[in-house]
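Below is one structure, written out as structure tokens, with a few remarks after it.
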Amino acid sequence: MEGSYLEELVKNSRKMLFYARIRTAAVLVAAAGIIYCGIVVMPSVLGTVQKANEVMAQASDTIVLADTAIESITEMSRSITEMGDNMDGFITDNANSVEEIMKKIGTVDFEGLNKAIKDLGDTVEPFAKFFGKFK
């Protein structure tokens, strides 16, 4: 009986040794994979991250410029709106003045004015002829 226990103990020990070797090989493969990633993959990942940071910085600068442009456009829009309001007021104020002027022009006696100009011309004509002789 003792021999069978020893044989079984040796058999179990060999199985344990086999599985221990498999675990050791798996740990070595995993360690080699981690070292490979650290040496080969990480520099390219870090380079990609650096480029992504540069792109994000440029995007941030572009957003700041766009924000500034939008603020300028908003201010320009306010100015244009204010100018339009001022023009409305100007037109309204001047519409009343123009209306008054048109009423006054409508009351002018153009026939009387034309007659007065003709009479003035008739009056000045003899003086013009008189002074024209001294030339």
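The values are calculated or read from the model by the stated rules, or taken from the named source; none is laboratory data. Bear in mind the structure is a predicted one, so any value in this text is a computation, not a measurement. Using ideal geometry, Cβ is built from the backbone for each residue, glycine included, and neighbour counts are taken over all protein chains shown. Keep in mind that these areas ignore ligands, DNA and RNA; they rest on the heavy atoms of the full protein, side chains included. Shrake-Rupley method; radii C 1.70, N 1.55, O 1.52, S 1.80 Å.
Some notes on this structure:
- The phi torsions of the stretch 90-100, fed into the Karplus equation with coefficients 6.51, -1.76 and 1.60 and a -60° offset, translate into couplings of 4, 5, 5, 4, 6, 4, 5, 5, 5, 5, 5 Hz, rounded to whole numbers, with Gly and Pro shown as x.
- Using heavy atoms of the protein chains and a probe of 1.4 Å, the accessible area assigned to T92 is about 80 Å².
- For the chain, accessible area per residue (1.4 Å probe, heavy atoms of protein chains only), Å²: 92 Å²
- Residue (of G89, A57, A69) at the positive-pole extreme of the stretch 48-91, dipole from beta-carbon charges: A57
- Computed magnitude of the charge dipole of the chain (debye, nearest 20; Cβ of K, R +1, Cβ of D, E -1): 1000 debye
- Whole-Hz couplings from phi, Karplus 6.51/-1.76/1.60, listed for the stretch 80-88; x for Gly and Pro: 5, 5, 5, 5, x, 5, 5, 5, 4
- Computed from Cα positions, the angle between helix 110-132 and the longest principal axis of the chain comes to roughly 60 degrees.
- Inter-part distance, the stretch 70-135 to the stretch 13-69, computed on C-alpha centroids, equals 84 Å.
- Bridgeable aspartates and glutamates around K115 (alpha carbons under 16 Å apart, same-chain partners fewer than 8 residues away excluded): E125.
- What the Cα convex hull of the chain gives, in volume per residue, is 269 Å³.
- Sparsely packed chymotrypsin sites (Phe, Trp or Tyr not before Pro) within the stretch 89-135, loop by DSSP, other Cβ within 10 Å at most 15: F134
- Calculated [θ] (222 nm, deg cm²/dmol) that DSSP helices of n ≥ 4 give over the chain, each run adding -39,500 (n - 2.57): -34000 deg cm²/dmol
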